[in-house]
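Sharing a structure below in structure tokens format, with a few things to ask.
Readers should treat all values here as calculations from the given coordinates under stated rules, not as data from a laboratory. Only a predicted model underlies this, so the values are computations on that prediction, with no experimental measurement involved. Please note: Cβ atoms are built from the backbone with ideal geometry, for glycine as well, and neighbour counts cover all protein chains shown.
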Amino acid sequence: MAILTKGPRGTQDIMPGDTGRWQYVEQVTRETAGLFGFREIRFPTFEHTELFNRSVGDTTDVVQKEMYTFKDKGDRSITLRPEGTAGVMRSAVEHGLLTEALPVKLSYLISCFRYEKPQAGRLREFHQFGCEMLGADSPAADAEIIAMVNEIFQRLELKEISLEINSIGCPTCRAKYHEALRAHFSARRDELCDTCRERLEKNPMRLLDCKSPICKEIAKGAPTVLDFLCEDCSSHFEELKNRLTSMGISYTVNPTIVRGLDYYTKTVFEFVSGNIGAQGTVCGGGRYDGLIEQLGGPKMTGIGFAMGLERLLLVMEHSGSPFPEETPCKLYLGSMGEAAAIKAAALVAGLRSEGFRAENDLMGRSVKAQMKYADKLSAQYSAIIGDNELSSGLVKVKNMVTGEQHEVKLSLDEDDDDSLLNFLYHTGFAELTDAIEDAGL
Ligand code: HAM
């Protein structure tokens, strides 16, 4: 029954050897967002389907082909979130967040679900770190959002990633642009895929985002939206470019970026890597000035981004970004005999309360097997307690790398320089000073 022992297609188990990397990335993204004043919001994994139809847009691939939608037992149409922006907006409106001091800055770390064809960097369940800034209209807000992504990537020492920006205008400039697109695509209408033929009237910009090879080919010569920007959108884009330049953030203007979701207006951007295969967009975002109103909220602008954590980790691994080491086991405290085992367990519990990772025998192993296990754990120190140690109150602690031994008291008394606790504190301190010296600080 492979179905019981193999996860569904497009899902990924994150194993204990890898979760440290995930936690590190999550910690850096959260910390950086905090420095920029973003506060974390948590919201449901599923929403009413209508929320995504209205926001992501019912002519997008996401809504038409990729959503996990089902009827619940109360006959409601429910959808697993394919992205985070819609849920955040719904939640912000529902809980009156938009009446707080502006801009409202929200961040989230979520799993998302899209029924796509799985490949490297493309899953059916994936994870996003995202931020949304509400109520700030100016290009300064766009620049700050982009600067924040840049800062996260710098902190993660991400290389080989470039920023591409575009403006897709507002409803005013888009009317003329839509006409131009319809004229372009109508000339080869019969060759378009069925979905695009249907989209042509309703939302011709979606044809620029179609994944079918023939539609992609026809889209190549299509007019670009930058030639249709109104005065306001055009000056907004110019100011964003100036700000990015003055912040030392390099970018290229890519007029083919339209994004796959319908809510965008004006600025759109992507951070792209050429080294992780076809799915190179690590982060995507942009402005969505009409979305909140469209969802029944007040008239308020917004801008945000989301980065795919699976893709981010792929780029980090490819570009040799450093990851922190796992916290090593400081002490393996083995034992011989029942009384010693009880003493070892009590000491290990005490050491853990003091913040040391320590382990004792839970398997009833022989001393030889316990030492082998300590080796497997890569414990920094080991010691074995037996009857002699119990009666003398002394134990030999062995440095597992150098083999050096130190005799210390079998106690966790912090006022006693010779206690096991102070020995471990002292070696911890010595390692810290060595690391500081190595780093040249
Ligand atoms: P998105 O471009 O659809 O935008 O997704 C953002 C990121 O999620 C992508 O750049 C990619 O790294 C990752 N991603 C998307 N689909 C998959 C997948 N099937 N497998 C793995 N990773 C994937 C949004 O979701 C918008 N809500 C972003 C945003 C926030 N715009 C404004 N605010």
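How high is the relative contact order of the chain, in percent, counting Cα pairs under 8 Å that sit 6 or more residues apart?
14 percent
Please compute P(r) over all alpha-carbon pairs of segment 165-260, binned at 5 Å starting from zero, and give each bin as a whole-number percent.
Whole-percent P(r) values from 0 Å outward: 2, 14, 23, 21, 15, 11, 8, 4, 1, 0.
Using a Förster distance of 60 Å, how high is the FRET efficiency between S378 and E238, based on the Cβ-Cβ distance and rounded to 0.05?
That pair, S378 with E238, gives E of 0.60.
Counting other C-beta atoms within 10 Å, which of T99, T19 has the fewest, and how do the rest follow?
If I rank by nearby Cβ atoms, fewest first, I get T99, T19.
Quick check: from the Cα gyration tensor, does segment 214-328 come out rounded (a/c under 1.5), prolate or oblate?
prolate
At a threshold of 8 angstrom on Cα-Cα distance, excluding pairs fewer than six apart, so keeping six or more, what relative contact order does segment 257-388 reach in percent?
Relative CO of segment 257-388 lands at 20 percent.
When a/c is below 1.5 the answer is rounded, else prolate if a/b is larger than b/c, else oblate, so apply that to segment 1-123 with a ≥ b ≥ c taken from the square roots of the Cα gyration tensor eigenvalues.
Oblate is the answer for segment 1-123, as a/c is 1.5 or above yet b/c matches or exceeds a/b.
Take D361, D58, D415 and order them by how many other Cβ atoms sit within 10 Å, fewest up front.
D415, D58, D361
So what is the relative contact order of segment 331-429, in percent, for Cα pairs below 8 Å that sit 6 or more residues apart?
Answer for segment 331-429 is 25 percent.
Relative to the present Cα-Cα distance, how much length would full extension add between N203 and M247 at 0.36 nm per residue of separation?
12.3 nm
Roughly how big is the chain's charge dipole about its Cα centre, with Cβ charges of +1 (Lys, Arg) and -1 (Asp, Glu), in debye to the nearest 20?
I would put it at about 2000 debye.
Right, next: In whole Å, what three semi-axes, largest first, describe the equivalent ellipsoid of the chain built from its Cα gyration tensor (square root of 5 times each eigenvalue)?
Over the Cα atoms of the chain, the ellipsoid semi-axes are 55, 24, 20 Å.
Counting only the backbone N, which residues of segment 307-345 are under 18 Å from the spot 7 Å out from the Cα of A439 toward its beta-carbon?
321-328
If a paramagnetic tag sat 7 Å from the Cα of Q23 along the Cα-Cβ line, which residues of segment 355-372 would have the backbone N under 20 Å from that point?
Counting backbone N atoms under 20 Å from the label point, the list is 355-360.
Between their Cα atoms, which of K73/K266; K65/K299; K159/K202; K159/K376; K6/K398 are more than 32 Å away from each other?
K73/K266; K159/K202; K159/K376; K6/K398
Going out from 0 in 5 Å bins, what whole percent of all Cα-Cα distances in segment 331-429 drops into each bin?
That works out to 3, 14, 26, 29, 20, 7, 1, in percent per bin.
Enumerate by residue number the GluC sites (Glu not before Pro) in segment 1-79 meeting two conditions: DSSP loop (anything except H, G, I, E, B), and at most 12 other Cβ atoms within 10 Å of the site's Cβ.
When the GluC sites (Glu not before Pro) of segment 1-79 are filtered for loop state and at most 12 Cβ neighbours within 10 Å, nothing remains.
Is there a quick way to get the dipole size of segment 331-429? I mean about its Cα centre, with the Cβ of Lys and Arg at +1 and of Asp and Glu at -1; what is the value in debye to the nearest 20?
Dipole of segment 331-429, to the nearest 20 debye: 620 debye.
Tell me what the chain gives for mean residue ellipticity at 222 nm when only DSSP H runs of n ≥ 4 count, each as -39,500 (n - 2.57), the sum divided by the residue total, rounded to 500 deg cm²/dmol.
So the helix-based figure for the chain works out to -11500 deg cm²/dmol.
Let's test the formula: R0 of 22 Å, r as the Cβ-Cβ distance of A175 and Y68. What FRET efficiency results, to the nearest 0.05?
Efficiency, from the Cβ-Cβ distance: 0.05.
A follow-up question, please. What is the order of F113, F305, fewest Cβ neighbours within 10 Å to most?
Placing the least packed residue first, the sequence is F113, F305.
Please report the antiparallel percentage of the DSSP beta bridges confined to segment 331-429, to the nearest 5.
So the antiparallel bridges amount to about 45 percent of the total.
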